[in-house]
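Novice: Okay, here's the structure, questions in a sec.
A short reminder: the numbers here are calculations on the coordinates, not readings from a lab. Every value quoted in this text rests on a predicted model; they were computed, and no experiment measured them. Don't worry about glycine lacking a Cβ; one is built from the backbone with ideal geometry, like all the others, and counts go over all protein chains shown.
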Ligand SMILES: C[S@@+](CC[C@H](N)C(=O)[O-])C[C@H]1O[C@@H](n2cnc3c(N)ncnc32)[C@H](O)[C@@H]1O
């Protein structure tokens, strides 16, 4: 059963900065990998008019329904897909939606997910310990909390939550199992480590569980790699993150893709054969202004990074088919479709 949300309750973060970084232009093709309630998507389509197209992806079926209503006005130029962005490449291939001018990731949770009862993302609302973006996925947070060994739980809370008291928390969880609700877990953690400072002591453990349930970090790494292949020349990749683990992945990915050599430090001559595929747009990370943080406190930890697709050597086209496709693509204003066409043929043949 799909629960309807009010789209007005989510304010898009770093909106004008994201539009600028994407360099949205009329007639452009864009992918929003984290559609949410379509705040960024609506603005992309507004700036992409006339003729702009948008492929919107979200793992959460509720988000897709909310976005569909909000994007009613643009229904002929949007394609909305309820899927995980780890499948970005196959979604684009199936929908024949590539190459594109820009790809946006606005990671994490929407306000509706945080506020919506019943999904268990937040300890502010009592609900079953679920935390799945997609309710059809098998493993819930309760499964992890109630079946994982103490050592593994401690490791998970430390790695994904960067929680200093991970062993103590894991010990208490194991002692008090089964744990079925967000309130039960939050109270248990508070009892285990006490309250210090402004941050609720359960914040980091909840982040860790959500990351583990949804394989967030692995999926992000995989999706970034796919995104670069889907960009046309000078296409933009823009990512907004909300915690240091995500930001580190994005930063390292973009920096690596922008370097001409990735040999280990101290290697006398370059042996990696690496070719840069991206150019960094903002050398320094972009963060919200104090005004934005005051208006939308949820934006306080946001960081935006952006990069642009550049030409690489394997963009030389070997076969006549490639040449034919290039001619068509050039006439459509695209200069690097052959590689993508090869991916498409391989996918269709598989
Ligand atoms: C911060 S919200 C996006 C808000 C959106 N930019 C807006 O302005 O309304 C993040 C969204 O990404 C979705 N999401 C997170 N990880 C995902 C993944 N791996 N695949 C697809 N969607 C994902 C969540 O379900 C959520 O709706």
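Novice: Mind checking the full-extension length gain between residue 295 and residue 125? Use 0.36 nm per residue of separation minus the Cα-Cα distance, one decimal, nm.
Specialist: Net length gain for the segment: 58.9 nm.
Novice: What distance in nm separates the simple spin-label points at residue 271 and residue 258, each placed 7 Å from Cα in the Cβ direction?
Specialist: 2.8 nm
Novice: To the nearest 10 degrees, how steep is helix 338-349 against the longest Cα principal axis of the chain, on a 0 to 90 scale?
Specialist: So the helix axis and the longest Cα principal axis differ by about 70 degrees.
Novice: Once each part is reduced to its C-alpha centroid, what is the distance from the range 92-113 to the range 188-248 in angstrom?
Specialist: 16 Å
Novice: Once label points are set 7 Å from the Cα along Cα→Cβ at both residue 25 and residue 167, what is their separation, rounded to one decimal in nm?
Specialist: It works out to 5.7 nm between the two label points.
Novice: Would you order 112, 131 from fewest to most other beta-carbon atoms within 10 Å of each residue's own beta-carbon?
Specialist: Lowest to highest Cβ neighbour count: 112, 131.
Novice: Now, a different point. Would you kindly state how much longer the chain becomes between residue 152 and residue 94 on full extension, computed as 0.36 nm times their sequence separation minus their alpha carbon distance, in nm to one decimal?
Specialist: That pair, residue 152 and residue 94, stretches by 17.0 nm at full extension.
Novice: Ranking 42, 291, 34 by Cβ neighbours within 10 Å, fewest first, what do you get?
Specialist: 291, 42, 34
Novice: Give me the number: length gained by fully extending residue 233 to residue 77, i.e. 0.36 nm times residue separation minus the C-alpha to C-alpha distance, one decimal in nm.
Specialist: Length difference between fully extended and current span is 54.0 nm.
Novice: Sort 32, 83 by Cβ crowding within 10 Å, fewest neighbours at the top.
Specialist: Ranking 32, 83 by Cβ neighbours within 10 Å, fewest first, gives 83, 32.
Novice: Another question, if that's okay. With each pseudo-label sitting 7 Å past Cα toward Cβ, what's the residue 181-residue 248 distance in nm, one decimal?
Specialist: The modelled label-to-label distance comes out at 3.5 nm.
Novice: Hey, another quick one. Tell me the mean residue ellipticity at 222 nm calculated for the chain from its helices only (DSSP H runs of n ≥ 4, each -39500 (n - 2.57), averaged over every residue, nearest 500).
Specialist: Result for the chain: -13000 deg cm²/dmol, rounded to the nearest 500.
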